[in-house]
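Student: Before I ask anything, here is the structure I am working with.
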Amino acid sequence: MPSSSGYVQYTGGNHYATGGAYPGGQNTNVTWGNPDDPFTYGGGGGDVGFAAKQGQPNGGGIVRLATPGTLDLQGPISVNGLGSMDQQWTGGGAGGSIYIDAGTLTSTNNSGSLSAVGATVADTLGGGAGGLIRVYTTSGSHTGTITHTAVGGAGTWSGGAAPGLNGLFNETTCAGTYLSNGYCAY
């Protein structure tokens, strides 16, 4: 996996998908990540290249949860990409990774959410790519209301900067065997 950023000027950070580029530009950075076993960070956005730049945008982090029993998701899990602190001349950070492996996934209060969104910030150029969300359950589905999103961030610039591409969400049964640590060996 690359460090935090491919660092092409004005582009959104990459992950499994590609971040957006500034008008007339192209994001040539590598992409990475495994949609079956997401365990990678989102890439940070590229900026103008000034050494004194404040707050290089960060990509989203990693959350991994595994239980053979019931996981009751009663709030948000977010690994969204971030924009820069000064919000100027930088691409948005890419969404990170969420991996859930549970016997049963539910939201008894109907307010669970999973989010791995690429950043969109004022004066941002390319939007950050969406991240990866993978859910394994015994039934291949969940109960209760759980929203999920892994979309790319919008590109903002009067010339029409490109948004980041959407990441992936997948919810299935474990097609392989379970390891002693509780994770699915696909």
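Student: All other residues with a Cβ under 15 Å from the Cβ of PRO35 taken together, and with Lys, Arg as +1 and Asp, Glu as -1, what is their net charge? Let's see the in-between values first.
Tutor: On the way: positive: ARG64, ARG134; negative: ASP36, ASP37, ASP101, GLU171.
Value of the local net charge: -2.
Student: Would you mind ranking HIS15, HIS142 by Cβ crowding within 10 Å, fewest neighbours first?
Tutor: Fewest-to-most Cβ neighbours within 10 Å comes out as HIS142, HIS15.
Student: Let me ask something additional. For a protection proxy built on the mean count of beta-carbon atoms within 10 angstrom, sort 100-111, 143-154 highest first, please.
Tutor: 143-154, 100-111
Student: Report the extension gain between GLN26 and ARG64 in nm, rounded to one decimal, defined as 0.36 nm multiplied by the number of residues separating them, less their alpha carbon distance. Spell out each step's value before the answer.
Tutor: On the way: separation 38, 0.36 × 38 = 13.68 nm, distance 3.25 nm.
That works out to 10.4 nm of additional length.
Student: Let me check I've understood the local charge: for CYS174, count other residues with C-beta under 14 angstrom from its C-beta, Lys and Arg +1, Asp and Glu -1. What total comes out? List each step's numbers first, then the result.
Tutor: On the way: positive: ARG134; negative: ASP36, ASP37, ASP101, GLU171.
The answer is -3.
Student: Once both labels are modelled 7 Å past Cα along the beta-carbon direction, what's the ASN109-SER141 spacing in nm?
Tutor: A separation of 2.5 nm, rounded to one decimal place.
Bear in mind these aren't lab numbers, they're just calculated from the coordinates by the rules spelled out. Just so it is clear, the structure is predicted and the values come from calculations on it, not from any experiment. In this analysis, Cβ positions are derived from the backbone assuming ideal geometry, glycine residues included, and neighbour counts consider all displayed protein chains.
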